[in-house]
Amino acid sequence: MADRAIPGVAAIGHVGVLGWISGLTVKERRTFSACVGGWALDAMDVQMYSFVIPTLIATWGITRGQAGALGTAALLASAAGGWLAGWVADRYGRVRTLQVAIAWFAVFTFLSGVAQNYQQLFLVRALLGIGFGGEWAAGAVLLGEVMRPEHRGKALGFMQAGWAVGWGTAAILYALFFSIMPAAVAWRVLFLVGILPALLVLYVRRYVEEPEVYLKSRADLEVRGDHPSFLEIFRPPLLRITVLGGLMGTGAQGGYYAVTTWLPTFLRTERKLSVLDSAGYLAVSIAGAFCGYLSGGILADKIGRRLTFLVFAIGAGAIALIYTSIPFGDGAMLVLGFPLGFFASGVFSAMGPFFTEQFPTRVRGVGQGFAYNVGRATGSLFPTLVGVLSVRMALGHAIGIFAGLAYATMAVAAFLLPETRGKTLAP
């Protein structure tokens, strides 16, 4: 089965990195557009919070630990949301679940902008997390099932690249609003525009169809009167994949959120950069993230999922420690922002295709949703731990310590995982 991936890989060299997109069928292209767009808009809404942390600390008088807890609340809830959405996607359909998740996170991002105190914002961010986790769970399994094996890694890598687009959009809006409005108003406006992603639901509802492999699986289950349990992924032979996948997700997301949640604050408070200056540094990191996502997807199809995990985990851990712990000049910091974003983001590109290929169709949604999002749940503790530890040491050192530990965990789990490149999905 692995040899089916070779034509797609060879095609890259002839038609360019993105040339394979032109060969997609109408169904593949529509699904691809919806999933990439959904993840980009999800990223925009979620990443807005990282930019308003300094303002909330200054205007509401909250501590760094409390600020980290707000980020953790959304991530913890996203784990439950991803698991739940995976189960719903298996039972009621991938497309319908995706629509609900997009509308959910858009509404609660908007409500974040009208919160009147810390407690209200904590509740709203936690509820937002349910849609945040659900969007990836539904979108990744939908795209993974629709795409052909030779393009699955690239397509899901491109979907992950949508995160960098959304992150960049949030950075642009942040720089714009905070430059023309008082900070006490700008942070609210930033959240209020987060309602716009709800418009994508109209496109998904009209143009995106359920994957054929899922429809056939559902039909077969109905004939047999079989209703898979969401606990099936905790029994052999899937238990090992579930556990190792959760550990790998913990490392990848713990490291990522330890860095990205606190990066704007690190640049503003320890590097003494202004809003516009820090936005420039973030732009370099975001550009690196976009390239990392695309490269990770291409490598996942070319050298395999497992080796791709190892390459990016080692690179991410090393560059995170260097970036946050060594006192480089501003010019070197600017340059290092690119590999920081590249490796920290590229670790995710192979996860979608890997989980899609590991779990059978009957429980693919719940298995993929759980394995990815349990990592998000445990990884979500890292922003809070960074905030607490930064009371005793420099914020940059706290970020570097937790990022290094996280990526070491990911590398070990990846080493123990089997290879699945080129696998054809069965009902």
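The sole residue among 287, 332 that is assigned to a helix (DSSP H, G or I), surrounded by fewer than 24 Cβ atoms within 10 Å (Cβ to Cβ) and free of Cβ contacts under 8 Å to residues at least 40 places away in the same chain is 332.
Inspection of region 334-343 identifies at least one residue that is modelled with pLDDT of 90 or more and within 15 Å of the chain's Cα centre (by Cα).
Restricting 316, 320 to residues that are in a helix (DSSP H, G or I), within 16 Å of the chain's Cα centre (by Cα) and crowded, with 18+ Cβ neighbours inside 10 Å narrows the list to 316. Just one residue in the set 161, 137, 115, 126 is under 24 Å from residue 260 (Cα atoms), surrounded by fewer than 19 Cβ atoms within 10 Å (Cβ to Cβ) and of a type in the set (A, V, I, L, M, F, W, C); that residue is 115. Annotation note: of 34, 69, 10, the sole residue that is modelled with pLDDT under 90 and within 20 Å of the chain's Cα centre (by Cα) is 69. Looking at this structure, is residue 338 surrounded by fewer than 24 Cβ atoms within 10 Å (Cβ to Cβ), more than 16 Å from residue 156 (Cβ to Cβ) and among the aromatic types (Phe, Trp, Tyr)? Taking the combined requirement at face value, the residue satisfies it.
Restricting attention to region 51-65 and to residues that are among the hydroxyl-bearing types (Ser, Thr, Tyr) and touching a helix residue (DSSP H, G or I) at 6+ places or on another chain (Cβ under 7 Å), the residue that is surrounded by the fewest Cβ atoms within 10 Å (Cβ to Cβ) turns out to be 59. Figure legend. Inter-residue proximity from region 237-256: first residues touching a residue at least 24 places away in the same chain (Cβ under 8 Å), second residues assigned to a loop (DSSP other than H, G, I, E, B) and surrounded by fewer than 24 Cβ atoms within 10 Å (Cβ to Cβ), beta-carbon distance below 6 Å, spacing 6+ or different chains. Indicated pairs: 244/416; 244/417.
Restricting attention to region 380-390, does a residue exist that is free of Cβ contacts under 8 Å to residues at least 60 places away in the same chain and among the aliphatic types (A, V, I, L, M)? Looking through region 380-390, at least one residue is free of Cβ contacts under 8 Å to residues at least 60 places away in the same chain and among the aliphatic types (A, V, I, L, M).
Among the residues of region 399-407, is there at least one that is over 25 Å from residue 239 (Cβ atoms), more than 21 Å from the chain's Cα centre (by Cα) and part of a helix (DSSP H, G or I)? Yes, region 399-407 has at least one match.
Among the residues of region 337-347, is any hydrophobic (A, V, I, L, M, F, W, C), over 20 Å from residue 249 (Cα atoms) and in contact with a Cys (Cβ under 9 Å, 6 or more places away or on another chain)? Within region 337-347 (the criterion being hydrophobic (A, V, I, L, M, F, W, C), over 20 Å from residue 249 (Cα atoms) and in contact with a Cys (Cβ under 9 Å, 6 or more places away or on another chain)), the answer is yes, since at least one residue qualifies.
Just name the residue that is modelled with the highest pLDDT out of those in region 219-230 that are more than 16 Å from residue 138 (Cα to Cα) and in contact with a helix residue (DSSP H, G or I) (Cβ under 9 Å, 6 or more places away or on another chain). Among them, the one singled out is 220. Condition check: charged (D, E, K, R), under 30 Å from residue 224 (Cβ atoms) and surrounded by fewer than 24 Cβ atoms within 10 Å (Cβ to Cβ). Does residue 306 satisfy that? So residue 306 does not fit the description; no.
Would you check which residues across region 164-183 are crowded, with 23+ Cβ neighbours inside 10 Å and at pLDDT below 90 and list them? Listed by number, the residues that qualify are 164, 167, 171. Residues in region 383-397 that are buried (at least 22 other Cβ atoms within 10 Å of the Cβ) and under 22 Å from the mean Cα position of the chain (by Cα): 4 in all. Applying the set (1) surrounded by 24 or more Cβ atoms within 10 Å (Cβ to Cβ); (2) in contact with a Phe, Trp or Tyr (Cβ under 6 Å, 6 or more places away or on another chain); (3) modelled with pLDDT under 85 to residue 380 leaves exactly one unmet item: (2).
The values are calculated or read from the model by the stated rules, or taken from the named source; none is laboratory data. Computed from a prediction, not measured in an experiment: that's the story for all the values here. Every residue, glycine as well, gets a Cβ built from its backbone with ideal geometry; the counts of neighbours run over all protein chains shown.
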